[in-house]
Structure formats: C-alpha cells, structure tokens
Amino acid sequence: MGMREEKLYSTGKTAKMLGIHFATLKKWIYAGKVKAIKTPGGQYRISESEIRRLLGQPAPKNRAIIYARVSSADQKEDLKRQKQMLQEYAEEHGYEV
C-alpha cells in the first residue's frame with residue numbers, strides 16, 4: 001500500500017476554516033507559529049493535520065465594545081432589544097463582549 005497524500009489548503013481557505021483574516025494567518029506563518037509548505041510559485045499551503053492542530057487549540061477571543069442608544073427614556077425596551085441584538089451578533093462572530 002502506498003502512502004496517502006495529505007490534503008493541502010490555500011491560505012485563504014485555511015483562514016476561513018480557522019475564522020481568522022488571511023493576513024493574520026500569513027503573519028503566523030512568517031513567525032513560525034503555523035507550519036506551511038511554500039509552492040514553487042511562492043504561495044503557501046497548509047496541511048490538513050496542521051489545520052487540525054490549530055483547531056484543537058483554543059484561539060484567543062477578540063474583545064468588542066457595543067454601543068446602543070435611544071432618544072428618550074420611554075424607549076427603554078428598544079434599548080434592551082438593541083443591546084441584546086448587538087451582544088448576539090458579536091458573540092456569533094467570535095467576539096467577547
């Protein structure tokens with residue numbers, strides 16, 4: 001039986017899978033935090049096992065500040081609703097509020 005070739009992913013695809021910007025991934029590659037293979041054309045490819053390793057580690061969460069306001073005290077319920085929607089949005093996109 002021959003060795004199975006491991007699947008390689010582009011930096012863009014890898015960044016999407018990790019939930020980070022591709023520029024962040026490139027910085028990690030340059031810093032040696034991510035093992036990548038450089039193609040003859042100068043592009044980087046990341047192995048499936050490296051992606052699995054990265055996904056196994058908890059990524060630090062980005063922090064966000066949310067801001068909501070209303071024009072009068074009579075709109076207190078609107079303010080609560082705005083706050084809830086902003087918190088949910090931030091958390092769904094990986095931010096700690």
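General remarks:
This table checks each residue for (1) more than 22 Å from Glu92 (Cβ to Cβ); (2) in the same structural domain as Ala90 (by TED's automatic domain parsing); (3) in contact with a helix residue (DSSP H, G or I) (Cβ under 6 Å, 6 or more places away or on another chain); (4) free of Cβ contacts under 8 Å to residues at least 40 places away in the same chain.
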residue: Gly12; (1), (2), (3), (4): no, no, yes, yes
residue: Leu25; (1), (2), (3), (4): no, no, yes, yes
residue: Trp28; (1), (2), (3), (4): yes, no, no, yes
residue: Ala31; (1), (2), (3), (4): yes, no, no, yes
residue: Val34; (1), (2), (3), (4): yes, no, yes, yes
residue: Thr39; (1), (2), (3), (4): yes, no, no, yes
residue: Ser49; (1), (2), (3), (4): yes, no, no, no
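- Here the condition is being surrounded by 13 or more Cβ atoms within 10 Å (Cβ to Cβ) and basic (Lys, Arg); of Lys80, Lys76, Lys16, it holds for Lys16 alone.
- Identity of the residue in region 38-73, surrounded by 14 or more Cβ atoms within 10 Å (Cβ to Cβ) and among the small types (Gly, Ala, Ser), that ends up farthest from Lys16 (Cα to Cα): Ala68
The values are calculated or read from the model by the stated rules, or taken from the named source; none is laboratory data. As the structure is a computational prediction, the values presented were derived from the model and not from experiment. Glycine also receives a Cβ, built like all others from the backbone with ideal geometry; neighbour counts cover every protein chain displayed.
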